[in-house]
Amino acid sequence: FFVISGYLITTIILAEKEEGSFRLINFYERRMRRILPALFFVMIACIPPAWFWMMPEKLEDFGESLMAVILFVSNFLFWRKSDYFGPAADETPFLHTWSLAVEEQFYVLYPPLIMLCWFLGRRRLGFLIVATAVASLGLSEWAWRHQPTANFYLGPTRAWELMIGATVA
C-alpha cells in the first residue's frame, strides 16, 4: 500500500512540476476529495452503533480515536494505546486508520520537501529519495528489536516503503 502510494504521489508531483502546473493547494484539495468523503461516511456510520452498544469506558476510547482520525494522528494514539495484533484489537474501532494517518502525514511533508529540493535536479532528488529510504529502512531495522510498536505505527520507520515507490517513479 505504501509503495503504491509513494509511486503514485511522486509520479503526480514530478509530472506537474515538469509541466510547471504543480500547486500545493490543488494537490491537497485532490487528496481531500479522494479520502475525506469515504472516511467521514464510515466515521458517521459508526457513531450510532457505538453510542448504543459500547460501555462508557469503551465509548470514551471510541471518541478519542474518532478525534485522532479526524486529525490524522490515529497512528500516534494507537502506538500508545493499542496492540494491532493483540486480543483487544477487535474492540478498537478505527484501528485500521493508523495507515491512513501515516499516508496523510506523508502528504503533508513530502510535497513541500519536493518543492524545496526541486532545484537540485531529478538526479540529485532521486539520490535524496534513495538516501531517505535507506535511512528509514535502517531505523526500521533497529526499531523492530527495540521499539516494535513504534516501528509498526510511525511514519519514520515506514517511510522507506513510501520512498521505494518514489524511487521507482
Q: Starting at the first residue of the stretch 132-140, write each ³J(HN,Hα) from the Karplus equation 6.51 cos²θ - 1.76 cosθ + 1.60 with θ = phi - 60°, in whole Hz, x for Gly and Pro.
A: 5, 4, 5, 4, 5, 4, x, 5, 5
Q: Take the alpha carbon atoms of the stretch 5-37, find their center, do the same for the stretch 133-148, and report the distance between the two centers in whole angstrom.
A: 28
Q.
Under 5 Å between amide hydrogens, which residues at least 5 positions from PHE22 or on another chain qualify, with H placed 1.01 Å from N in the peptide plane?
A. LYS17
Q. With θ set to phi - 60° and the Karplus curve 6.51 cos²θ - 1.76 cosθ + 1.60, what are the ³J(HN,Hα) couplings of the stretch 62-68 in order, to the nearest whole Hz, using x for Gly and Pro?
A. 4, x, 5, 5, 4, 5, 5
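Kindly provide the chymotrypsin sites (Phe, Trp or Tyr not before Pro) of the stretch 39-127 that DSSP labels as loop, not H, G, I, E or B, and whose Cβ sees at most 13 other Cβ atoms within 10 Å.
Answer in residue order: PHE85.
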Q) Mind listing the phi-derived Karplus ³J(HN,Hα) values for the stretch 115-128, rounded to whole Hz, using 6.51, -1.76 and 1.60 with θ = phi - 60°, and x for any glycine or proline? A) 4, 5, 9, 4, 5, 5, x, 4, 5, 5, 4, x, 4, 4
Q) Hey, what did the stretch 41-134 get for relative contact order, percent, Cα under 8 Å, at least 6 apart? A) 21
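Bear in mind these aren't lab numbers, they're just calculated from the coordinates by the rules spelled out. Given the structure is predicted, the values throughout are model-derived calculations rather than measurements. Positions of Cβ are generated from backbone atoms using ideal geometry, with glycine treated the same way; all protein chains shown enter the neighbour counts.
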